[in-house]
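S.K.: Below is one structure. I have some questions about it.
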Amino acid sequence: MAKLEKHHKSYDALQRLNWRNPLHWLATGFGSGLSPVAPGTFGTLAAIPFYWLMMDLSLPVYITITVIAAIAGIWICQSATDAIGQSDHGSIVWDEFVGFWITMIAAPKGLLWLLAGFLLFRLFDILKPWPIRWLDRYVKGGLGIMIDDVLAGVFGLVIMQVLAYFF
């Protein structure tokens with residue numbers, strides 16, 4: 001019964017989003033974060049087509065877009081958080097988009113590398129090793145939503161680059 005009540009409250013919170021507001025579409029990863037199971041995973045999957053559009057850009061342009069998306073993400077996530085009335089609702093997945101894009105900076109091309117980046121980012125986002133867990137716990141609002149996934153993306157990026165160097 002408690003699980004059903006929690007799901008109902010979560011659904012009620014989502015009703016507060018304004019689907020005419022482009023920030024709310026971005027915050028929910030164009031709706032991918034509305035998945036009732038594993039919204040973060042679905043958000044990361046939804047980031048892949050955008051990565052495909054960006055992967056052939058020059059490294060400075062790719063990084064610039066990713067940094068702009070991260071900075072704008074603070075505002076995007078805060079807007080959805082304010083509407084929903086919960087500090088880090090699971091449907092907010094713009095942070096997964098950005099974290100995945102960070103992991104994939106200068107990644108070699110190919111499906112195996114894409115899979116490796118996806119798995120590495122999800123691993124660090126789920127496990128939240130220190131200091132990611134600390135940031136997730138103590139930094140709130142749009143910045144708090146973004147910062148732990150940005151750092152998970154950086155962890156993934158470092159491992160991806162080590163793997164690329166050796167393989």
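S.K.: What's the total number of residues in region 91-118 that are touching a residue at least 12 places away in the same chain (Cβ under 8 Å) and over 15 Å from G73 (Cα atoms)?
M.R.: Kept after step one, since they are touching a residue at least 12 places away in the same chain (Cβ under 8 Å), are these residues of region 91-118: 91-109, 113-114, 116-118.
Add one more test, that the residue is over 15 Å from G73 (Cα atoms), and what stays is 103-109, 113-114, 116-118.
Count: 12.
S.K.: Could you list all residues from region 2-41 that are at pLDDT 90 or above and loosely packed, with under 11 Cβ neighbours inside 10 Å?
M.R.: Within region 2-41, just V37 meets the criteria.
S.K.: On the basis of being outside any helix (DSSP H, G or I) and surrounded by 19 or more Cβ atoms within 10 Å (Cβ to Cβ), does A152 make the cut?
M.R.: Spelling it out, it is not the case that A152 is outside any helix (DSSP H, G or I) and surrounded by 19 or more Cβ atoms within 10 Å (Cβ to Cβ).
S.K.: Is it true that some residue in region 64-74 is at pLDDT 95 or above and part of a loop (DSSP other than H, G, I, E, B)?
M.R.: Looking through region 64-74, none of the residues is at pLDDT 95 or above and part of a loop (DSSP other than H, G, I, E, B).
S.K.: Pairs only if they're at least six apart or on different chains, beta carbon under 7 angstrom, first in region 47-71 and closer than 14 Å to P108 by Cα, second of a type in the set (D, E, K, R); list them, first residue then second.
M.R.: M55/K109
S.K.: Among T81, T44, which is the only one that is at pLDDT 95 or above and either part of a loop (DSSP other than H, G, I, E, B) or among the hydroxyl-bearing types (S, T, Y) (or both)?
M.R.: On the way: T81 fails: at pLDDT 95 or above.
Checking each option against the conditions leaves just T44.
S.K.: Please verify whether G90 is under 16 Å from G40 (Cα atoms) and at pLDDT below 95, treating the condition exactly as stated. Steps first, please.
M.R.: Values: under 16 Å from G40 (Cα atoms): yes; at pLDDT below 95: yes.
Spelling it out, G90 is indeed under 16 Å from G40 (Cα atoms) and at pLDDT below 95.
S.K.: Quick one: P129 ticks every box in (1) closer than 22 Å to N21 by Cα; (2) assigned to a loop (DSSP other than H, G, I, E, B) bar one, so which box is it?
M.R.: Failing condition for P129: (1).
The values are calculated or read from the model by the stated rules, or taken from the named source; none is laboratory data. Worth saying up front: this structure is predicted, and the values here are computed from it rather than measured. Backbone-built Cβ (ideal geometry, glycine too); neighbour counts: all protein chains shown.
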